[in-house]
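Take a look at the structure below.
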Amino acid sequence: MTIKKKKLQFQDQLSLASRIGIYCSIIFVVISMGIPMLNVLAVSFSERAKSESPGLILFPAPFTLEGYDFIWNHANLWRPFLTTLYISVAGTLVHVFLSGLAGYVLIHKELPLRNLMTTFVMLTMTVPGELTLISLYEINRQLGLINTYTALIINGAVGGFSVLLMRNYFSGLPPSLAEASRIDGASDFMIFLRVYVPLSVPGIMTISTLQFIGRWNSIATVISLISDMNKYTLPVVLRLILFENSAASGTSYIFANAKMAAVALTALPLIGLYFFTQRFFTSGVLLGATKE
């Protein structure tokens, strides 16, 4: 009720010109983002001849699934799709577990060099990932992980932002919960799993969402570590389809409806993930960023 009153008071303070400007900005953003998305869907559901016609297509004519059938079955898009899904899910689980565990360790005030380690974690966030690609390749080559899915899973297993967010989130929980568990004989690892993890779902869902999106859309790391086209992930294959007009399967020509179907299939899991995690995302970022 209080939120509604504040919202009404805020609206009353705005002039008519300001309201019109805000509404026009929102409409502009919706149109500028909505029309390209609508065009992608319309082309993907159109016949080959119609999809190749010039101009903006906003409605499929006529409606057909031949683009999806071709790109999924004949161009074998299912293979990189499942590969990307496996790598993204496995890599996200490893990242969340290790980052959460590191964040739990850093909340202990008796930990030696605690502040120094926290500063080091913060410094890792200032280094662009592109600068580490050469060293990343060399390390994985020496470990024999080139052209393996393991390389794509373990690289980025821990992230500075995730560690700090979980550290701040854990530090906001009452220390009495951990003390009571220790009195009952629980180890630190069990306290982490049974006390801190269940109480930090918004923070965990936040870093899970960011990590899954990052791994799903990753191109530079995949190209650096994978040279076998049969092991390419979906974004890399999509890049080949859109810009080199070929798929990993060697298909000679791919029509526009199949290309847009590939784009839609690539974005579909991320859209579904957003609708599932959006209620956790804002609270996870804000609480994790403000708790001391």
Let me spell it out: the conditions are (1) surrounded by 15 or more Cβ atoms within 10 Å (Cβ to Cβ); (2) at pLDDT below 85, and residue 255 meets all of them except one. Which number is the exception?
(2)
Just to check your reading of the model, which residue among 112, 60, 80 is closer than 30 Å to residue 257 by Cβ and either surrounded by fewer than 17 Cβ atoms within 10 Å (Cβ to Cβ) or more than 24 Å from the chain's Cα centre (by Cα) (or both)?
60
Based on this model, can you work out whether residue 126 counts as more than 30 Å from residue 190 (Cα to Cα), of a type in the set (Ser, Thr, Tyr) and under 24 Å from the mean Cα position of the chain (by Cα)?
yes
Among (1) over 27 Å from residue 240 (Cβ atoms); (2) assigned by TED's automatic domain parsing to the domain that holds residue 241; (3) among the hydrophobic types (A, V, I, L, M, F, W, C); (4) surrounded by fewer than 19 Cβ atoms within 10 Å (Cβ to Cβ) - the single one residue 107 does not satisfy:
(4)
By residue number, the members of segment 212-223 that are in contact (Cβ under 8 Å) with a residue 60 or more places away in the chain and either surrounded by fewer than 18 Cβ atoms within 10 Å (Cβ to Cβ) or among the aromatic types (Phe, Trp, Tyr) (or both) are 212, 213, 216, 220
Residue pairs qualifying under the 8 Å Cβ cut-off, at least six apart or on distinct chains, with the first in segment 91-105 being within 21 Å of residue 151 (Cα to Cα) and at pLDDT below 90 and the second being polar (S, T, N, Q) and crowded, with 16+ Cβ neighbours inside 10 Å, are none
Given the structure, is residue 88 outside any loop (DSSP other than H, G, I, E, B), among the small types (Gly, Ala, Ser) and either in contact with a Ser or Thr (Cβ under 6 Å, 6 or more places away or on another chain) or over 28 Å from residue 229 (Cα atoms) (or both)?
no
Candidate set: segment 133-157, residues that are outside any helix (DSSP H, G or I) and surrounded by fewer than 17 Cβ atoms within 10 Å (Cβ to Cβ); chosen: the one nearest to the chain's Cα centre (by Cα)
157
Need pairs with beta-carbon distance below 7 Å; first residue modelled with pLDDT of 90 or more and within segment 128-150, second part of a loop (DSSP other than H, G, I, E, B); sequence gap 6+ or separate chains.
140/146; 147/226; 147/227; 147/228
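The values are calculated or read from the model by the stated rules, or taken from the named source; none is laboratory data. This one's a predicted model, so the numbers in the text were calculated from it and none came from an experiment. With ideal geometry, Cβ positions are generated from the backbone for all residues, glycine too; neighbour counts draw on all protein chains shown.
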